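Before any comments, here is the structure.
The values are calculated or read from the model by the stated rules, or taken from the named source; none is laboratory data. Bear in mind the structure is a predicted one, so any value in this text is a computation, not a measurement. Cβ atoms come from the backbone with ideal geometry, glycine included; neighbour counts cover every protein chain shown. In case anyone asks, the SASA skips ligands and DNA or RNA and just uses the protein heavy atoms, side chains included. Shrake-Rupley method; radii C 1.70, N 1.55, O 1.52, S 1.80 Å.
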Amino acid sequence: MGNLFCCLVVEQSTVVIKERFGKFEEVLQPGCHWIPWITGDRIAGHLSLRLQQLDVRCETKTKDNVFVTVVASIQYRALADKASDAFYKLSNTKSQIQAYVFDVIRASVPKLNLDDAFEQKNDIARAVEEELEKAMSAYGYEIVQTLIVDIEPDVHVKRAMNEINAAARLRVAATEKAEAEKILQIKRAEGEAESKYLAGLGIARQRQAIVDGLRDSVIGFSVNVPGTTAKDVMDMVLVTQYFDTMKEIGAASKSSAVFIPHGPGAVRDVATQIRDGLLQASHHHTLE
């Protein structure tokens, strides 16, 4: 009895093709089955219903004559209700799927420039999937998903693209640096202008204070010392200022040497020159 029958266990996600005297009989679903050898029944083969993946590398060129390698990932599976077609109609499923992928990619990519090929990967994948679905459905297979996972240009092209990108970034960086330096120079010039303006205000106030101080000194001296004229007071003030200046020059250790005539007569000459200069400036200002 054991020679006439055989117990066959079919695993989950798998079907078995049973033949009788070499002719397809039925598809055995997962579970336990009795195979009567005496009637000519035999197992022709197993067919997996699990999702399978095929990675295809296809070399082609773009519209701008750049050679690229397109990597496509095809996810497919056999249909349970068409298991006999999937088992008998195709002798090498992966090779035939690969041929369809090559055909679609080499028809689609040459119509696109390199940049467009990167941007339109989904369109290429959709075209491959539509063509495969249309072709493989007749053989009992379902195309679940088609992905263009990579587009690899030639090594020299990739290096050139990186250099172009680097040069573009350097140009942008140089432009930004020049703009920053321009802003710094403008701000520095504005600061210098403001500083000079404030320095001018300080000098004007200083001179006004000197003039006011001299006026008060002349008036006070004339009141306290009767018989003196404004000229006498001015000469005294100028001489005093002269000696204070000489004292400061001598006290400063790092001051440059200044050679001027010195003596009682020279002091009078200095006072006369300063007074004449002030009077000339005042006269010129009045004429204006």
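The charge dipole of region 66-212, taken about its Cα centre with unit charges on the Cβ atoms of Lys, Arg (+1), Asp and Glu (-1) only, comes to about 560 debye. Take every pair of alpha-carbon atoms less than 8 Å apart whose residues are at least six positions apart; their mean separation over the length of region 32-148 yields a relative contact order of 32 percent. Straight Cα distances below 19 angstrom link residue 111 to the lysines 61, 63, 121, with same-chain residues fewer than 8 positions distant left out.
Among 186-199, 80-93, how do they line up by average Cβ neighbours within 10 Å per residue, starting with the highest? List each step's numbers first, then the result.
Numbers: 186-199: 10.0, 80-93: 15.4.
Descending mean neighbour count gives 80-93, 186-199.
Using only the heavy atoms of the protein chains and a 1.4 Å probe, how would 63, 18 rank by accessible area, largest first?
Working: 63 130, 18 15 Å².
Correct descending sequence by accessible area is 63, 18.
Solvent-accessible surface of region 23-136, averaged per residue with a 1.4 angstrom probe and all protein chains in place: 57 square angstrom. Ignoring lysines fewer than eight residues from residue 94 along the same chain, the ones with Cα atoms less than 20 angstrom from its Cα are 82, 134. Counting only residues at least eight positions apart within a chain, or on another chain, the lysines with an alpha carbon under 27 Å from that of residue 182 are 196. Positive end of the dipole of region 1-135 (Cβ unit charges, origin at the Cα centre): among 36, 109, 97, the Cα lying farthest that way belongs to 36.
Using a probe of 1.4 angstrom, how much of the accessible area of region 58-197 is carbon and sulfur, in percent? Intermediate values should be presented prior to the final figure.
Working: 4450 of 8840 Å².
About 50 percent, which is the carbon plus sulfur part of the accessible surface.
Accessible area of residue 172 (1.4 Å probe, protein heavy atoms only, ligands and nucleic acids ignored): about 90 Å². Taking 0.36 nm per residue of separation and subtracting the Cα-Cα distance, full extension of the segment from residue 59 to residue 12 would add 13.1 nm.
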